[in-house]
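Take a look at the structure set out below.
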Amino acid sequence: MILPLDHVGIFGSDINVMVDAYRSLGFQVTDPERLDAGARADQGRQYSAHVMFDQTYIELTAVEDCQPEHHLAPYLRLPGGIRILILQSDAAEGERVRIEALGLPTSPLYTAERRLTYGNRQTARFCWFALDPQPLDQLLIGWVQHLTRDAVFYRNQAHDNTATNITGLHFNACDFPEALKGESGVCCAISQRRSESHVIDGLELSVSDLQACLDETSGELDAERAVVNLQNAGQLGVNMMFRQA
């Protein structure tokens, strides 16, 4: 299965702890910032930090004073891990119409923005929508259209562990909607085991220097497969596999 991945969101309770954990693994992480993603201010304050790659990224996110109406509230009861899966679209409203025609109800289309803390520090603008109701209760699935894509995917961001992109997702066995598949993007591996708390429990990332990755992450080297494995990365419920590009 191929998915046109934009980013995954790793949900936790303390954004500063999350940032420190991923910086300790050799990732360059942006400073936490308040995110306006369509929720009202009285529903909770969402803070996010970003691990940017060439075409994808990891979002670290937490919500303070989260109220039941906030779109991330259902995931507070779950352990930390990947709780957000966002796919890319060049025309979000058209994509929303297509998804609804396939029988999957969606939220309205929201417009949001965030101030970038890297590159030329522009304000990133985007529009997004999500499945509503969500078909999988451990994962928020949505789509995004970047209105300032060149500013978001700023190319000169080198990670000390040399990671360059997310290239794969590891799904536990689940009834994943067929309508989400694409013709290009990241490869998804489906295991035969089920999880009560995680739909996605693993990321594959490409690296330009496997030894540097091993030194920075203190992961486990699988020399035969030329990969570095890192279990429960940052103690946040995510397994990572770094593969030589």
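Every number in this text was worked out from the coordinates using simple rules, so none of it is lab data. In this text the structure is predicted, and so the values were computed from the model without any measurement. Note that we place each Cβ from the backbone using ideal geometry, even for glycine, and neighbour counts take in every protein chain shown.
Neighbours of L205, meaning other residues whose beta-carbon lies under 14 angstrom from its beta-carbon, give a summed charge of -4 when Lys and Arg score +1 and Asp and Glu score -1. Of interest is the spacing of the C-alpha centroids, which for segment 173-187 and segment 13-36 amounts to 28 Å.
In summary, the convex hull built on the alpha carbon positions of segment 65-111 has an orientation-averaged projected area of 4.7 nm².
Of all beta bridges that DSSP places with both ends in the chain, some 70 percent have antiparallel geometry.
Highest-first packing order for the peptide set 190-197, 131-138, 21-28 is 21-28, 131-138, 190-197, based on the mean count of other beta carbon atoms within 10 Å. Karplus-derived 3J(HN,Hα) values for segment 230-239, using 6.51 cos²θ - 1.76 cosθ + 1.60 with θ = phi - 60°, are 10, 8, 6, 4, x, 6, 10, x, 10, 8 Hz; glycine and proline are entered as x.
Scanning residues 5 or more positions from G9 or on other chains, those with amide H under 5 Å from its amide H are E59, R83, I84, L85, I86, with H placed 1.01 Å from N in the peptide plane.
Taking other residues whose beta carbon is less than 13 angstrom from the beta carbon of E100, and scoring Lys, Arg as +1 and Asp, Glu as -1, yields -1. Each other residue within a Cβ distance under 10 Å of Q88 adds +1 if Lys or Arg and -1 if Asp or Glu, for a net charge of -2.
Computed over the chain, relative contact order equals 22 percent, with contacts defined as Cα pairs under 8 Å that lie 6+ residues apart. Just the number: Rg to Rh for segment 17-119, Cα atoms, Kirkwood Rh, two decimals. A ratio of 0.98. For the chain, the share of alpha carbon pairs falling in successive 10 Å distance bins from zero is 7, 32, 40, 18, 2, 0 percent. In segment 163-244, the alpha-carbon atoms span a convex hull of 109 Å³ per residue.
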